[in-house]
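Working notes for the structure below.
The values are calculated or read from the model by the stated rules, or taken from the named source; none is laboratory data. Everything numeric here is computed off the predicted structure, so don't read it as measured data. Please note: Cβ atoms are built from the backbone with ideal geometry, for glycine as well, and neighbour counts cover all protein chains shown.
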Amino acid sequence: MSVLGIDEITYGVEDLPACAHFFADWGLAKVSERPDEVVLETLNGCRVVLAAIDKPGLPPAIEAGSTLREVVWGVESAADLDLYRQRIANDPGYIEADGRIGCTDPNGMAIRLQVTRKRPLSLECSGHNTWEVKGRINKPAPVYERATPIEVGHVVFFVTDVNACEAFYHERFGFQASDRYPDRGAFLRTAEEGGHHDLFMLQLPAPRAGLNHVAFTVRDVHEVFGGGMHISRCGWATEIGPGRHPVSSAFFWYFKNPAGALVEYYADEDQLTAEWQPRNFEPGPTVFAEWAIAGGIDGNTRRQHNVAAPQGKFLTDKPNAAAKA
C-alpha cells in the first residue's frame with residue numbers, strides 16, 4: 001500500500017482568464033470551463049483546477065492572494081483508501097465525499113486521497129549517450145518547440161514546522177525521506193521506490209505557511225529547454241533557469257505563475273530505492289543549483305535575455321568590414 005503520486009491540484013486565483021491563458025501556454029489541455037472554474041490536464045490525466053478565489057466550497061487558503069488550495073493524492077485501490085481512512089479519520093478537517101477522503105495537514109493545507117484517475121502512459125523519450133552507455137544510436141536528440149507536461153511531479157511548500165509536517169506524511173501515508181536540511185527542509189517521496197521527491201517542505205528562518213512552487217514533469221532535458229523557450233516567447237517571466245539541482249540531479253526552469261508563486265518544468269531526477277540513505281545538507285545557493293541562468297533564455301534569440309542574436313549563419317561568421325562601410 002502506498003500513495004502513487006499527485007492526481008490533482010486546485011488553485012484559488014484572482015485573475016481566472018490570465019491563469020487559464022498561462023496554463024494553456026504551459027502545455028496543458030483544457031477539459032472544461034465555467035465562469036468560476038477552468039479544469040486542465042496533463043498527458044496522463046493529472047488535473048489542474050483553476051477556481052475563482054471566492055468560489056464557494058474552496059478549502060481555506062494558507063496565505064493571502066492566489067495560491068494552491070488543495071492537493072489530491074492518488075492511491076491504487078479502494079482497499080488502500082479504506083486503510084488510509086482509518087489513519088486520518090480523527091485528524092483536523094476530516095472529510096469524505098465524492099469518492100475522496102481528506103483532512104488538513106499540520107501546515108493548514110487541504111489534502112485529499114482518491115483512487116487514481118491518471119491514465120497509464122507510454123512515451124518515446126530521448127536516450128542519452130555517455131562514455132559507457134550508448135542510449136541513442138543512429139537517432140538525433142529531439143528539439144522541442146514547446147512542452148506538453150506529463151504530470152504534476154511535486155509540490156513545494158513553506159511550512160511553520162517542518163519536523164511535524166514530515167512526521168505527519170510519514171505516519172499517515174508512508175512517505176519516505178530522501179534528503180533533508182536538518183530542522184529546515186524535508187524532501188519526501190511517496191514510496192520507497194520512486195523519484196527523488198513528490199513533496200518538499202521548507203521552514204524559513206521566520207516560519208510561515210505558503211506555496212513555493214508546483215513542478216511539472218517533462219520527458220527529458222531537451223523538453224525543459226524547449227518548453228521554457230516557448231513560455232519565454234509567450235511573454236511570461238522567468239524566475240530562474242534553466243539550471244540543474246545538485247540534490248536531486250534534475251534539470252529545471254522556473255517561471256512566475258499568475259496562479260500563485262512559481263511553476264517549474266523539470267526532468268532527469270534521481271530514482272531511489274529502499275537502500276537509499278537520506279543525506280543532510282546545509283541550505284545555500286550552490287546546494288540549490290549546480291548552475292543556473294538568471295533571467296532565463298530568450299525564446300527568439302536562443303540566448304540570454306538582452307544578449308544580441310547571432311548575425312551570421314554560423315557562430316564563427318564575422319561581420320564584414322566592407323559591408324559595414
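Taking region 1-93 and the strands (runs of 3 or more DSSP E) fully enclosed by it, the elements with 1 or more residues that are among the charged types (D, E, K, R), crowded, with 19+ Cβ neighbours inside 10 Å and touching a residue at least 12 places away in the same chain (Cβ under 8 Å) are at 3-13, 37-41, 47-52, 67-75. For the structure I just gave you, tell me whether residue 259 is surrounded by 23 or more Cβ atoms within 10 Å (Cβ to Cβ), at pLDDT 95 or above and assigned to a loop (DSSP other than H, G, I, E, B). When the stated conditions are applied, residue 259 passes them. For the subset of region 229-244 comprising residues that are touching a Gly at 6+ places or on another chain (Cβ under 8 Å) and part of a strand (DSSP E or B), which member is surrounded by the most Cβ atoms within 10 Å (Cβ to Cβ)? Top of the filtered list is 241. Of the candidates 57, 5, the single residue that is at pLDDT 95 or above, at positive phi and in contact with a strand residue (DSSP E or B) (Cβ under 8 Å, 6 or more places away or on another chain) is 5. Scanning region 94-121 for residues that are more than 22 Å from residue 11 (Cβ to Cβ), within 26 Å of the chain's Cα centre (by Cα) and not in a loop (DSSP other than H, G, I, E, B) returns a single hit, 115.
Please enumerate the residues belonging to region 160-213 that are within 15 Å of residue 111 (Cα to Cα) and of a type in the set (Val, Ile, Thr). If the condition is that a residue be within 15 Å of residue 111 (Cα to Cα) and of a type in the set (Val, Ile, Thr), then 190 is the only one that fits.
Considering only residues that are hydrophobic (A, V, I, L, M, F, W, C) and either free of Cβ contacts under 8 Å to residues at least 24 places away in the same chain or in a strand (DSSP E or B) (or both), which ones fall in region 202-228?
Filtering region 202-228 down to residues hydrophobic (A, V, I, L, M, F, W, C) leaves 202, 204, 206, 209, 211, 214-216, 218, 221, 224-225.
Within region 202-228, 202, 206, 211, 214, 215, 216 qualify.
Only residues that are aromatic (Phe, Trp, Tyr) and either under 24 Å from residue 19 (Cα atoms) or not in a loop (DSSP other than H, G, I, E, B) (or both) were counted in region 262-280, giving 2.
Scan region 297-307 and tell me whether some residue there is loosely packed, with under 11 Cβ neighbours inside 10 Å, of a type in the set (Val, Ile, Thr) and either assigned to a strand (DSSP E or B) or modelled with pLDDT of 90 or more (or both). No, that holds for no residue.
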